[in-house]
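Data block below; observations after.
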Amino acid sequence: MKKFAKSLGISMLTAGLLASPAMAENYKAVDIKPVDPAYFAAKRHEGRTYLITGGARGIGAASAIRLAREGANVVIFDVLAKEGAETVAQIRKEGGKAEFVKGDVRNNADLQKAVAHAVTTFGELNGALNSAGVMAAMAPDAVFDYQKQKDLLPNPIADAGDEYFDTLMDINATGVFKSMRAELKPMLKQGKGGAIVNICSIAGLTGLAGNSAYVASKHACSGLTRSGAIDYAPYGIRVNSVNMAATETAMTDMAIKYVTAASKENAGSTVPNMGRTKTLSLQAYADSNKRQSTVWEQAAVISFLLSDEASNLTGALYATDGGWTAY
């Protein structure tokens with residue numbers, strides 16, 4: 001049996017090598033150029049108003065900027081007042097319309113204030129992007145001290161602390177639920193339909209080594225996306241998610257620090273590191289610089305999903321992950 005398995009393994013490997021296009025012809029490797037940060041589709045969202053949770057920076061900020069360039073009024077909702085004000089200032093400098101409301105997605109009153117501000121300022125709410133989320137129970141740009149912060153950082157189930165798990169579930173899962181609930185009510189009352197996009201990560205599609213709470217919370221995000229799509233289809237409200245792999249954000253920077261520190265601490269272990277079984281998406285692996293996704297690549301898909309061009313799309317979890325979940 002072992003001899004057969006070994007033979008089969010070699011045969012499959014040989015078949016894989018022969019199937020590679022590079023073996024047949026001397027083709028040139030080509031990197032995929034990321035979308036231009038300055039690109040946008042003029043008037044695509046003209047006159048519409050969107051609430052963007054977690055819109056102060058990262059994917060949320062890039063999406064807010066792009067939506068505003070495409071004619072939308074945007075209300076950024078975030079705990080980060082300084083970054084939120086800076087994003088609003090950039091939008092206004094470009095001639096767009098934007099407001100900032102400070103608040104926490106865990107707080108119903110804060111969410112209601114943001115929704116009310118959107119409706120009062122711009123007349124109605126036409127959709128939302130729920131991008132507020134965390135990977136650890138600490139700010140991604142906090143001074144990093146692995147030994148002191150271990151209990152707040154990503155961990156496998158047996159090593160995970162309550163604060164780590166509870167914080168991620170409160171923000172990434174319950175926060176999305178509370179945000180959607182607050183956003184849906186005015187949209188239903190208006191009777192004009194609308195669209196919601198949730199950021200649910202590849203962690204909402206598959207497992208990730210050492211990220212128990214993040215995976216659990218993002219699977220909940222994916223579930224809320226599908227449930228919302230089912231319940232509100234009769235009212236013309238579409239609900240989808242984008243599920244990206246590594247993207248150039250403060251959260252990913254923090255994750256790299258954590259993985260590096262954890263690897264050093266466990267360097268002498270004889271137990272296989274399951275996080276190394278898969279480390280790159282297809283596009284990152286093939287790229288000459290092993291680049292991550294950009295926030296503008298994610299904003300491009302988000303803008304499309306919120307637009308009328310995506311009229312037939314709802315209840316879907318879009319793997320904007322450079323092929324991570326393809327293998």
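Every number here is computed from the coordinates shown, using simple stated rules; none is lab data. From a predicted model like this one, the values you see are computed outputs, not experimental measurements. FYI the Cβ positions are ideal-geometry reconstructions off the backbone, even for glycines, and counts take in every protein chain you see.
Distance between the modelled labels on N108 and A85, one decimal in nanometres: 3.1 nm (7 Å Cα→Cβ projection). Taking every DSSP helix (H) stretch of at least 4 residues in the chain, weighting each as -39,500 (n - 2.57) and dividing the sum by the residue count yields a mean residue ellipticity at 222 nm of -13500 deg cm²/dmol.
Pairing the Cα long axis of helix 175-190 with the longest principal axis of the chain, what angle in degrees results, from 0 to 90 and rounded to the nearest 10? Approximately 40 degrees, to the nearest ten. At an R0 of 56 angstrom, the distance between the Cβ atoms of K278 and T121 translates into a FRET efficiency of 0.80. With respect to the chain, whose longest principal axis is taken over its alpha-carbon atoms, helix 81-93 is tilted by about 70°. Applying 1/(1 + (r/R0)^6) with R0 = 45 Å to the Cβ-Cβ distance of E25 and N312, what FRET efficiency is obtained, to the nearest 0.05? With R0 = 45 Å, the Cβ-Cβ based efficiency is 0.70. For P(r) over Cα pairs in 20 Å bins from 0, in percent, the value calculated from this model appears in (1) 25, 46, 28, 1; (2) 30, 53, 16, 1; (3) 30, 60, 10, 0 under label (2). Build a GNM of the chain with springs between Cα atoms under 10 Å apart, and of E163, E70, E183 the one that fluctuates most is E163. Each of D145, D151, D104 was scored by other Cβ atoms within 10 Å of its Cβ. Listed from fewest to most, they are D145, D151, D104. Taking a ≥ b ≥ c as the square roots of the eigenvalues of the Cα gyration tensor, the range 130-227 is classed as prolate, since a/c reaches at least 1.5 and a/b is larger than b/c.
Going by neighbour counts of Cβ atoms within 10 Å, the residues F122, F77 line up, fewest first, as F122, F77. Axis of helix 2-19 versus longest Cα principal axis of the chain: the two differ by about 60°, to the nearest ten degrees. For the modelled label position 7 Å from the Cα of Q190 along Cα-to-Cβ, which residues of the range 32-59 have backbone nitrogen atoms closer than 18 Å? Only 43-53 fall inside the zone, counting backbone N under 18 Å. Taking the Cα centre of the chain as origin and assigning +1 to Lys and Arg Cβ atoms and -1 to Asp and Glu Cβ atoms, the resulting dipole is close to 520 debye. Among S217, S241, S303, sorting on how many other beta-carbon atoms sit within 10 Å of each Cβ, with the fewest leading, yields S303, S217, S241. On full extension, the segment bounded by K97 and S288 gains 64.9 nm, given 0.36 nm per residue less the C-alpha separation.
Put a dot 7 Å past the Cα of K43, heading toward its Cβ, do the same for I157, and the two dots end up 5.5 nm apart.
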